[in-house]
1. Sorting check: for 357-368, 292-303, 47-58, which peptide has the highest mean count of neighbouring beta carbons within 10 Å, and how do the rest follow?
2. Can you bin region 312-367 into rounded, prolate or oblate? Criterion: square roots of the alpha carbon gyration tensor eigenvalues sorted a ≥ b ≥ c, rounded for a/c under 1.5, prolate for a/b above b/c, oblate for the rest.
3. Can you give the angle from 0 to 90° between the axis of helix 251-260 and the longest principal axis of the chain, with both taken from C-alpha atoms, to the nearest 10?
4. What is the extension gain from residue 292 to residue 315, computed as 0.36 nm multiplied by their sequence separation minus the C-alpha to C-alpha distance, in nm to one decimal?
5. Where the centroid of each part is defined by its Cα atoms, how far is region 1-65 from region 237-314 in Å?
6. For region 297-405, compute Rg over Rh where Rg is the Cα radius of gyration and Rh is the Kirkwood radius from the inverse mean 1/r over Cα pairs.
7. How would 272, 231 line up from fewest to most surrounding beta-carbon atoms within 10 angstrom?
8. Determine, for 15, 202, 330, the number of other Cβ atoms within 10 Å of each Cβ, and report the residues in order from fewest to most.
């Protein structure tokens, strides 16, 4: 069984995190990703530490299922190679600062003229229009711009960025959804189109209910730490030896929690009876819950609260996830054969398709390891390849790949 995008060719000139994450999704779904990289340096993510046998871990996670070709796109011969790939391909993805693609000859109108059925995806920091559209922006910068950092962190404490790249990878998801939608549209009509998304628009979307809350109340949203502005009790609570995360989103769950804590009198307490009451009196309720929880270890309370059917968890370290039984059951880590790294495992795409499975078919490529095979597949003669190599227009790396796992 093959992935649903088998037969779709994606020309990928992205770098860093957002664009490569987008094309990784398409690659995991079965598309052939031709990753075009700069001479010597390649994708910036290759140098993002820590390094594992010389390979950046960012690069390893978001560049599997791709073929790497090194082309000097500043040279005329290099541009002609890219134009040839575009004419033969289905999807083109770039994440330059707005206007850069047009400046170097790879804008939408230019490539559309070469291939009218092309799906052209542009992922930017701030979108295609407006006063900030040409500003550079990384994930954390746009988290600050969209208000995410202002509501992230402990109550009354310093602002904090989300520790994972939520806007890079979130915009990658929207870009991939856009490409899939455009491919479906093309299948029906034969028409290509441009797909646009940005970190800024993703950030605005993620803060949606906070924006509505402000519109409804006129009150500035504040940091809640592990808490939630709309529900109580909700957050991390101290036990005898650690913290327990508990989430209560309705009155029924609150009743179950009360029984698990042997505090059934709280169910009819007018200060706690309804969620709006609990939100208003959240500080008192939290103090009383922690007073109860302080009598036993976190594992004791987790078992009782779990048995009651209340959402809860011990706050785990990243290291504990490697051997997490649920991780093994869902097979979220997939072992991949890499020429340099022994027993490398990567987090798979978190979706399952019964008829066209999503899988990691190929390890993240070494810089330029597929240059020759990509050019040969495109019908370019060995004589021309040798000439391009001698001029430095392309680069390659011989790889002795380990046996497939």
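Read the figures in this text as sums done on the coordinates, not as results from a lab. The shown structure was predicted, so the numbers you read here are calculated from the model rather than taken from an experiment. Every residue, glycine as well, gets a Cβ built from its backbone with ideal geometry; the counts of neighbours run over all protein chains shown.
1. With the highest mean Cβ count within 10 Å placed first, the list reads 357-368, 292-303, 47-58.
2. Since a/c reaches 1.5 but b/c is at least a/b, the shape of region 312-367 is classed as oblate.
3. With both axes taken from Cα atoms, the answer is about 70 degrees.
4. Roughly 6.4 nm would be gained on extension.
5. Rounded to whole Å, the Cα centres lie 44 Å apart.
6. Here Rg/Rh amounts to 1.23.
7. 231, 272
8. Listed from fewest to most nearby Cβ atoms, that is 330, 15, 202.
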